[in-house]
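Student: Handing you this structure, nothing more for now.
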Amino acid sequence: MFWRRQRAAIEEFHPLHRALVLEKWFSVSLPRDQWEPVIRSLAGHEAAVRRRKWRVTPRTSRVLVPMLRVLAADMPPEGLLSVALDLRGDNVPQKLTPARDVQVSRPILSMKEWFVFDPWLRMRAELRDGSVVELAVTDRIRHRKYKKRNPRGKVKYKHKTKTVQMISVARRLGKGASPRTPGTPPPRWIRARVKPGSRLTIRADAKLLGPLPDDELRERILQVSTEPFRWTPPAASVRRAQ
């Protein structure tokens, strides 16, 4: 049978890794230490699989795995790390909005517009200091298909897209914690705000014109993820440091 060895290798993968290869998505919550076998399995993917239909996107090794390691490093062994990863792409019908007509002026004769919202990564981690971090990365893709008449009278159809990558990180502190305004403001492309309540929440959001290369996207995610921790008062950091 063709590709017999690669099929056998896939059967040896961790179940979550295998689901990612075959289904292109998974959603699960596991204790911190149970993620390490998943990471090791993913690390061996390229050496074991070469067939295009069984490849996984570079986002797996360049974004998901580094974020798993960063969050796990700040978690207690019993802390839960939840991940919803969707790498099916932007052609899934549930991710599309209905097309609508857009008002136009000549030389454009007509235009249809629709959006794709692809929340491809969501993570939630219970940290050592008692706080909880939630992270979401969503690709918003605007599609515009229009009919245009050129100066020679010929009608042409064009299709253009514009991608915005949205990053959102929220850190919910333990009861009784209060924020401390950082000495310096965040970068202009990061919006930070504090939401009061029984468990105070610090939120950071960013919208980036994309699609960015995976390595650059990972660095941007890390920058946004760092912002809620700059608002932590010294007293709230004692347990975290122990």
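Student: Among the residues of region 170-221, which ones are assigned to a helix (DSSP H, G or I) and either over 30 Å from residue 141 (Cβ atoms) or aliphatic (A, V, I, L, M) (or both)? Before the answer, list the steps.
Tutor: Pass one, region 170-221, residues assigned to a helix (DSSP H, G or I): 214-221.
Listed by number, the residues that qualify are 217, 221.
Student: Here is a further query. All but one of (1) free of Cβ contacts under 8 Å to residues at least 40 places away in the same chain; (2) farther than 25 Å from residue 90 by Cβ; (3) among the charged types (D, E, K, R) hold for residue 126, so report the exception by its number.
Tutor: If we test residue 126 against (1) free of Cβ contacts under 8 Å to residues at least 40 places away in the same chain; (2) farther than 25 Å from residue 90 by Cβ; (3) among the charged types (D, E, K, R), just (1) comes out false.
Residue by residue, here is whether (1) out of contact with any His (no Cβ under 9 Å at 6 or more places or on another chain); (2) part of a helix (DSSP H, G or I) holds:
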position: 57; (1), (2): yes, no
position: 61; (1), (2): no, yes
position: 67; (1), (2): yes, yes
position: 71; (1), (2): yes, yes
position: 76; (1), (2): yes, no
position: 88; (1), (2): yes, no
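Student: So, one more: What's the number of the condition residue 44 fails, among (1) surrounded by fewer than 15 Cβ atoms within 10 Å (Cβ to Cβ); (2) closer than 26 Å to residue 76 by Cβ; (3) of a type in the set (Gly, Ala, Ser)?
Tutor: The number of the failed condition is (2).
Condition check ((1) within 20 Å of residue 125 (Cβ to Cβ); (2) free of Cβ contacts under 8 Å to residues at least 40 places away in the same chain) across all residues:
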site: 9; (1), (2): no, no
site: 20; (1), (2): yes, no
site: 36; (1), (2): yes, yes
site: 40; (1), (2): yes, yes
site: 46; (1), (2): no, yes
site: 53; (1), (2): no, yes
site: 82; (1), (2): yes, no
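Student: Continuing with this model, one more query. Given the conditions (1) farther than 21 Å from residue 225 by Cβ; (2) loosely packed, with under 14 Cβ neighbours inside 10 Å; (3) within 18 Å of the chain's Cα centre (by Cα); (4) not hydroxyl-bearing (Ser, Thr, Tyr), which single one is not true for residue 33?
Tutor: It is condition (3) that residue 33 fails.
Student: Then there is this: So how many residues does region 28-46 have that are in a helix (DSSP H, G or I) and either of a type in the set (A, V, I, L, M, F, W, C) or touching a strand residue (DSSP E or B) at 6+ places or on another chain (Cβ under 9 Å) (or both)? Lay out the reasoning, then the answer.
Tutor: So in region 28-46, the residues in a helix (DSSP H, G or I) come out as 32-43, 45-46.
Of the ones still in play, those that are also either of a type in the set (A, V, I, L, M, F, W, C) or touching a strand residue (DSSP E or B) at 6+ places or on another chain (Cβ under 9 Å) (or both) are 32, 34-35, 38-39, 42-43.
Residues that pass the stated criteria total 7.
Student: Sticking with this structure for a sec: Taking region 162-188 as the search range and keeping residues that are surrounded by fewer than 16 Cβ atoms within 10 Å (Cβ to Cβ) and of a type in the set (Ser, Thr, Tyr), which one is nearest to residue 144 (Cα to Cα)? Lay out the reasoning, then the answer.
Tutor: Here is the first cut: in region 162-188, the ones surrounded by fewer than 16 Cβ atoms within 10 Å (Cβ to Cβ) are 162, 164, 174-176, 178, 180-185, 187-188.
The next check asks that each one be of a type in the set (Ser, Thr, Tyr); those that pass are 178, 181, 184.
Values: 178: 46, 181: 42, 184: 40 Å.
Across region 162-188, the extreme among qualifying residues is 184.
Student: Select from region 1-27 the residues that are within 15 Å of residue 87 (Cα to Cα) and not in a helix (DSSP H, G or I) and list them in ascending order. Explain how you work it out, then say what you get.
Tutor: The first filter runs over region 1-27 and keeps only residues within 15 Å of residue 87 (Cα to Cα), leaving 16-27.
24, 25, 26, 27 - these are the residues of region 1-27 that are within 15 Å of residue 87 (Cα to Cα) and not in a helix (DSSP H, G or I).
None of the figures in this text is laboratory data; all of them are computed from the coordinates on show. This one's a predicted model, so the numbers in the text were calculated from it and none came from an experiment. Note that we place each Cβ from the backbone using ideal geometry, even for glycine, and neighbour counts take in every protein chain shown.
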